[in-house]
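Following: one structure in structure tokens, then a few remarks.
The values are calculated or read from the model by the stated rules, or taken from the named source; none is laboratory data. Nothing here was measured: the structure is a model prediction, and the numbers come from that model. Here Cβ is always computed from backbone atoms with ideal geometry, including for glycine, and neighbour counts include all displayed protein chains.
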Amino acid sequence: MFTERLTRLKRLPFPLGTPDWPGQVPRPPERGDLGVNYGTDWARRYPVRLARAAYTEAVTRPLVAAVAKPAVEGLDRFENVEGPVIFAANHSSHLDTPVITSVLPDRWRHKLVTLAAADYFFDTKLKAVYFSFALNAIPIERLKVSRRASDKAEELLAEGWNLLIFPEGGRSPDGWGQRHNAGAAWLSVRSGRPLVPLHVQGTGRLWPRGARRIYTGHTAVTFGRPVWPDAPRQQVAARLETAIAELADETSTDWWSARRRAAAGSTPSLLGPTAASWRRSWALGPSPKDRARRRSPAGEKVWPPKP
Amino acid sequence: MPRPGFVLEVDRSTPPVLMWHGEGYRLERLPADRSRVVYAPEPLAPLADPDEAIRRALLEPLGDSAPLPELLFAGMRLTIAFDDLSLPLPPMRRPDNRQRVIEAVLDLAAAAGVDDVVLIAALGLHRRMTDAELRHALGDRIFDAFSPSGRLRQHDAEGPEGLTYIGKTDHGEDVEVSRRVAESDLLVYVNINLVAMDGGHKSTSTGLMSYKSVRHHHNVRTLQHSRSLMDRPHSELHSSAWRIGRLLGQHVKVFQIETTLNNDAFPSNMAFLQKREWEWGVRDRASYLASSQGLSLLSPTARRNIFHSIKAPHQMTSVQAGEVEAVHTRTIANLHRQQVVDVEGQSDVVVFGLPHVGPYNVNSIMNPLLVMCMSLGYWFNMYIGKPLIRPGGVIIVSHPTPWAFHPVHHPSYIDFFEEVLSATTDPLEIEKTYEERFATDDWYRHLYRTSYAYHGVHPLYMWYWGAHALEYAGATIIVGGNRRAVRRMGFRPASTLADALEMAEDHVGRDPSVTYFHCPPVMLANVH
């Protein structure tokens, strides 16, 4: 049901649906009250929070547990932080937000605001209402955070809400990570609140961008140590990007190997190899679809064959 | 206020872009963060009263020329030559610019009592126009008044009885022109300037001369040294045409009338074809889906018939008349106002989506040679300054490139493709070994003169047209083309644009920069 619901809400691809607007081209004034202008304050009123908590506990978490089976690591690394934080994660699937929400301890889970792309999640009334309710989402621009959106985010931090932000600005087109936008670091520096890096592994394989169905499987969420904004914005942004890459390394190997590589400065980049597109996709290994077809053990490369 | 052209840097939020693919189109996604799309300026506002503008142009000519009424007198021999069906593209809705201008000229001629008036379609070595095509270009009034009496003619570059040898230019170029033109008291040339290559002395020195003259500017040397064909001061082809035209001007008084069009190339139900993709509304998306799905169900012939029935809502944006060179200078300025797009720097790869029609396949088939000529000859040369790609860059062309030829229109193309290209694709070698044979073949000559066939030498000219690009580019890849036909021309076939971009990396290295030239509508890249 969850899958069906999300699939129905998923925007139809261009040309069936509306086209994306290139970042370089200035948009004409927003029409009416949708997009970045959509007001989401209603979604943080007490009755709605209660309804959302019930929805998260009764619908989202059981479904996520059934579909993505998340394993969680590193919650202890930030539990001592007083006050609100900004969670910053890699982004490869629409499953990321529900997975992160469902693994956060109660203290953060029910006090979490997700920053979501205005052009995608807030372009129709129905979607705007649903995502405001289910994810407590607020609309932001994809490529640069406008004053209006950043003021809103700061205001929410000041009110004690935690934020969830995806600095890559959108889901990965090919399964590999993308360069970060500076929005998360900028927000952290402006508000003085720490960033909590976290890495989600596996969601991109279960429901990649453009896929029509969701596969079931295992995912892993790893939280890192908070990154405090005690340096210029660019440095904070770089530290965040490195921290997430180190968490990815930790998830795929082990903490000690990851630490050694981090100390040596040889943590593998999340951006993937600089090579032809087929090699980038090859390096990711078979997709769940391939695996289902070939019935090979999960995550194992089918080519070259074992000697 | 129409917006100027612009260059879009492709990022992840850029929607797929429309790419022509012969008698159809596709939406293609370009690699983010290293691609750009060059969009044409929006159509300029047309002249509010074109007939009045024409009248004023005839009465107030440019350069060293008297007003047209003063050049007309009873008893004179007046010849009115006009551009053939290769212009404009797609053919424009009635009334065509030629009809408006020639009617205005004939009104003045009638008032001056001129009896001996002949109209000549300046075909050069192109095929003759059918009656329906002439009627469309000139309108019913002119066609019905001149055609039955034989006063509406088509230039014949082969009949010795219809040609007059005028002499040689100081560069030794022969000037042999239509006898009727040579013996006229006044030649009025009526032009439509769709691209910057057209017009000026090229109109007469190509359209009204014989093979003996045309070969001096249509050859591999001039074309390899035309940088570009669309930039006359840097075009060797035009330098030669200018010399020939000036010599003609010493023998015949020429009154040139040139018009420009806006780039409103498609009717309103196909408006999405010239809109920027992110501005497509519901209607545009529905038109795209319905037309592309519908077309995919049809046979190639049915698709071709549909596309060739398109009449463009082009409208006149300027008209100028008088002395050839003064007129042409003003025309080019007006044309640039509509077509020039500033582009910063060159890229490694350029992508062209070829539409259904080019200058030589109006109401006909775009055969593989015309695909080569359109992409490497025309689209590649749509620049001022520098080409869109760096030397050694890769040209990617999207077109089905069928192994198909119109047997009436393009007979010599078939032999050229089968016989010559299977032996060599080197333009110089082709020129040296085959040109004379194709140009003087009696059967081709007969078909050119009496049927509706392009001249025997025309397929060689198509090949020469791309000579500069062949020399300049590292490789040409054709997406979605007939593999045998593509290989025959020495190009590389690819199934998809993504494959072609990967193949291009063999020549220009990893992650090349890509420019997609979003044409048509026609534009001219001013590459800095």
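Below, the figures for the structure above:
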quantity: Residues within segment B:72-103 that are within 16 Å of B:Asp185 (Cβ to Cβ) and either outside any strand (DSSP E or B) or hydrophobic (A, V, I, L, M, F, W, C) (or both), tallied; calculated: 8
quantity: Filter result for the condition that a residue is of a type in the set (A, V, I, L, M), assigned by TED's automatic domain parsing to the domain that holds A:Glu79, out of contact with any Cys (no Cβ under 9 Å at 6 or more places or on another chain) and within 14 Å of A:Arg49 (Cβ to Cβ), over A:Val129, A:Val113; calculated: A:Val113
quantity: The listed residue being more than 14 Å from chain A (Cβ to nearest Cβ) and farther than 22 Å from B:Ser35 by Cα, out of B:Gly474, B:Gly466; calculated: B:Gly466
quantity: Selection count where residues are small (Gly, Ala, Ser) and within 11 Å of A:Arg107 (Cβ to Cβ), scope segment A:71-85; calculated: 0
quantity: First in segment B:274-289 and facing chain A (nearest Cβ under 9 Å), second anywhere and surrounded by 12 or more Cβ atoms within 10 Å (Cβ to Cβ) and in a helix (DSSP H, G or I), Cβ under 8 Å, 6 or more apart; calculated: B:Trp280/B:Phe272; B:Trp280/B:Tyr288; B:Asp284/B:Ala271; B:Asp284/B:Phe272; B:Arg285/B:Phe272; B:Tyr288/B:Phe272
quantity: Of all residues in segment B:483-505 being buried (at least 18 other Cβ atoms within 10 Å of the Cβ) and outside any helix (DSSP H, G or I), the one that is farthest from the other protein chains (Cβ to nearest Cβ); calculated: B:Met489
quantity: Hits in segment B:137-164 - residues which are free of Cβ contacts under 8 Å to residues at least 24 places away in the same chain and either in contact with an Asp or Glu (Cβ under 9 Å, 6 or more places away or on another chain) or of a type in the set (D, E, K, R) (or both); calculated: B:Asp140, B:Phe143, B:Asp144, B:Ser147, B:Glu161, B:Gly162, B:Thr164
quantity: Segment B:230-273, subset in contact (Cβ under 8 Å) with a residue 40 or more places away in the chain, farther than 30 Å from B:Asp64 by Cα and out of contact with any Phe, Trp or Tyr (no Cβ under 6 Å at 6 or more places or on another chain), residue nearest to the other protein chains (Cβ to nearest Cβ); calculated: B:Met270
quantity: The lone exception for A:Leu163 - which of (1) in contact with a Leu (Cβ under 7 Å, 6 or more places away or on another chain); (2) crowded, with 19+ Cβ neighbours inside 10 Å; (3) in a helix (DSSP H, G or I) it fails; calculated: (3)
quantity: Residue within segment B:307-323 that is at negative phi, free of Cβ contacts under 8 Å to residues at least 12 places away in the same chain and either within 14 Å of another protein chain (Cβ to nearest Cβ) or hydrophobic (A, V, I, L, M, F, W, C) (or both) present; calculated: no
quantity: Segment A:33-50, residues that are under 22 Å from A:Asp123 (Cα atoms) and either aliphatic (A, V, I, L, M) or not in a helix (DSSP H, G or I) (or both); calculated: A:Asp33, A:Leu34, A:Val36, A:Tyr38, A:Gly39, A:Thr40, A:Ala43, A:Val48
quantity: Filtered residue count, segment A:197-241, keeping only those that are under 15 Å from A:Thr97 (Cβ atoms) and touching a Gly at 6+ places or on another chain (Cβ under 8 Å); calculated: 6
quantity: Only one of B:His468, B:His406 that is within 20 Å of the chain's Cα centre (by Cα), not in a helix (DSSP H, G or I) and not aromatic (Phe, Trp, Tyr); calculated: B:His406
quantity: Some residue of segment B:26-42 being within 12 Å of chain A (Cβ to nearest Cβ), modelled with pLDDT of 95 or more and in contact with a Lys or Arg (Cβ under 7 Å, 6 or more places away or on another chain); calculated: yes
quantity: From B:Pro91, B:Pro61, B:Pro15, residue being surrounded by 17 or more Cβ atoms within 10 Å (Cβ to Cβ), modelled with pLDDT under 95 and away from chain A (no Cβ under 14 Å); calculated: B:Pro91
quantity: Condition check for A:Asp174: within 14 Å of chain B (Cβ to nearest Cβ) and either assigned to a helix (DSSP H, G or I) or out of contact with any Pro (no Cβ under 8 Å at 6 or more places or on another chain) (or both); calculated: yes
quantity: Number of the condition not met by B:Pro69 [criteria: (1) in a loop (DSSP other than H, G, I, E, B); (2) touching a residue at least 12 places away in the same chain (Cβ under 8 Å); (3) away from every other protein chain (no Cβ under 14 Å)]; calculated: (1)
quantity: Filtered residues of segment B:16-63 (kept if farther than 18 Å from B:Trp280 by Cβ and part of a strand (DSSP E or B)); calculated: B:Ser35, B:Arg36, B:Val38, B:Leu62
quantity: Test: residue in segment A:83-103 that is more than 14 Å from chain B (Cβ to nearest Cβ), surrounded by fewer than 17 Cβ atoms within 10 Å (Cβ to Cβ) and of a type outside the set (Lys, Arg); calculated: yes
quantity: Scope segment B:230-263; condition crowded, with 21+ Cβ neighbours inside 10 Å, closer than 21 Å to B:Tyr39 by Cα and touching a strand residue (DSSP E or B) at 6+ places or on another chain (Cβ under 8 Å); matching residues; calculated: B:Met230, B:Thr260, B:Leu261, B:Asn262
quantity: Test: residue in segment B:183-191 that is surrounded by 24 or more Cβ atoms within 10 Å (Cβ to Cβ), at negative phi, in a helix (DSSP H, G or I) and modelled with pLDDT of 95 or more; calculated: no
quantity: Segment A:134-160, subset of a type in the set (A, V, I, L, M, F, W, C) and within 14 Å of another protein chain (Cβ to nearest Cβ), residue surrounded by the fewest Cβ atoms within 10 Å (Cβ to Cβ); calculated: A:Leu143
quantity: Selection within segment B:283-332 - part of a helix (DSSP H, G or I) and within 18 Å of the chain's Cα centre (by Cα); calculated: B:Phe307, B:His308, B:His328, B:Thr331, B:Ile332
quantity: From B:Arg56, B:Arg77, residue being more than 14 Å from chain A (Cβ to nearest Cβ), among the basic types (Lys, Arg) and free of Cβ contacts under 8 Å to residues at least 12 places away in the same chain; calculated: B:Arg56
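Residues are listed down the side, and each one gets a yes or a no for (1) in contact (Cβ under 8 Å) with a residue 60 or more places away in the chain; (2) closer than 19 Å to B:Gly358 by Cα:
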residue	(1), (2)
B:Val397	yes, yes
B:Ile414	no, yes
B:Val420	no, no
B:Pro427	yes, no
B:Phe438	no, no
B:Trp443	no, no
B:Tyr461	yes, yes
B:Ile477	yes, no
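Residue by residue, here is whether (1) surrounded by fewer than 20 Cβ atoms within 10 Å (Cβ to Cβ); (2) free of Cβ contacts under 8 Å to residues at least 40 places away in the same chain holds:
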| residue | (1), (2) |
| --- | --- |
| A:Leu187 | no, no |
| A:Val200 | no, no |
| A:Arg213 | yes, no |
| A:Ala220 | no, no |
| A:Pro229 | no, no |
| A:Ala237 | no, no |
| A:Leu240 | no, no |
| A:Leu247 | no, no |
| A:Asp254 | yes, yes |
